[in-house]
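What follows is a short report on a single structure.
Coordinate-derived values only; no laboratory data. Values in this document were obtained by computation on a predicted structure and should not be read as measured data. Note: ideal-geometry Cβ built from the backbone for every residue, glycine included; neighbour counts use all protein chains shown.
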Amino acid sequence: MLRARSVSTSSWFRSISRALVTSVFNEFKAFVEALGITKQTDIDGNDVLAVASDMNVVGNTTLSDVTITGTLTAGLIELNTMTNSLNVLGATCYNPETNTTNETLCESQEINIQSTLAGNVNFFNGAIVLEPNGTINTKKLAISIASSESASAGRITIPAGQTFIEVHTTALESNSLILISPDKAVAVGKSVIDADTFEIRLQLPDTQDITVDWLIVDINE
């Protein structure tokens, strides 16, 4: 009688245990499915864990090798791996159509690179190297003059018999240096006429056309 009751009780416990394990397993399975976690195989045949749902980690995280196929956002810095671009999230501080700059906005949204002055910044395997003291080392400097109205460099010709010519450009600032170089040995100078105009003048008219290269460089004190 006691043995029959013991066997019955043992069977009951096994049944309860089996049901409990099954219930826990089903709950865990449903939890994993809700998280979007699945086991997949990468292109090398390795088993990988795939998470299809969003994930928020509020604690510290240590990662080894990481591959990002979309956008990485860190604070206000955005790294877009699809367009190979690094940007600050914010409004545009410069309007190329009007050539106007919101200096306050540009300063508040600037990106600081090597601000600790720990070393140089190297681009293109040494083609451009920026030193902590502000020195720029490069092989060649190219200035775009696609828009003559805002060009900061150019070439202009003073016709034979003339002594001056005017250059119009919105690149001219109150702190601009104007560098000029004629194509022959003549006495030549320059003077600012107004906010968008400067004049290149010869001391004496020449019997031939004089070609003058000019470059505008702004200085910050």
Length-normalised contact order of the range 67-162, Cα under 8 Å, at least 6 apart, in percent, tallies to 10 percent
Quick one: helix 2-35 against the long Cα principal axis of the chain, what's the angle to the nearest 10°, folded into 0 to 90?
10 degrees
Could you tell me the convex hull volume per residue, in Å³, taken over the Cα atoms of the range 148-218?
72 Å³
When the chain is treated as a Gaussian network with springs between alpha carbons less than 10 Å apart, the largest mean-square fluctuation among D183, D44, D194 is found at D44
Relative to the Cα centre, what is the charge dipole magnitude of the chain, using +1 at the beta carbon of each Lys and Arg, -1 at the beta carbon of each Asp and Glu, and rounding to the nearest 20 debye?
1920 debye
Which labelled figure in (i) 11.9; (ii) 17.8; (iii) 24.0 is mean projected area of the Cα convex hull in nm², once derived from the coordinates:
(iii)
Projected onto the charge dipole of the chain (+1 at Lys/Arg Cβ, -1 at Asp/Glu Cβ, origin at the Cα centre), which of T92, T169, Q40 gives the Cα projection farthest towards the positive end?
Q40
Using a Förster distance of 35 angstrom, determine the FRET efficiency expected from the C-beta separation of L76 and V129, and round it to 0.05.
0.80
Around T163, under 14 Å between beta carbons, what's the net of Lys plus Arg minus Asp minus Glu among the other residues?
-2
Which of A142, A91, A19 moves most in a GNM of the chain, Cα contacts under 10 Å?
A19
For the range 85-134, the Cα-Cα pair-distance distribution in 10 Å bins from 0, as whole percents, is 20, 35, 37, 8
Which whole-number percent gives the relative contact order of the chain, counting Cα pairs below 8 Å spaced six or more residues apart?
11 percent
Excluding same-chain residues fewer than 8 positions from K29, which lysines have a Cα within less than 19 Å of its Cα?
K39
Rounded to whole Å, give me the distance from the Cα center of the range 53-110 to that of the range 193-219.
43 Å
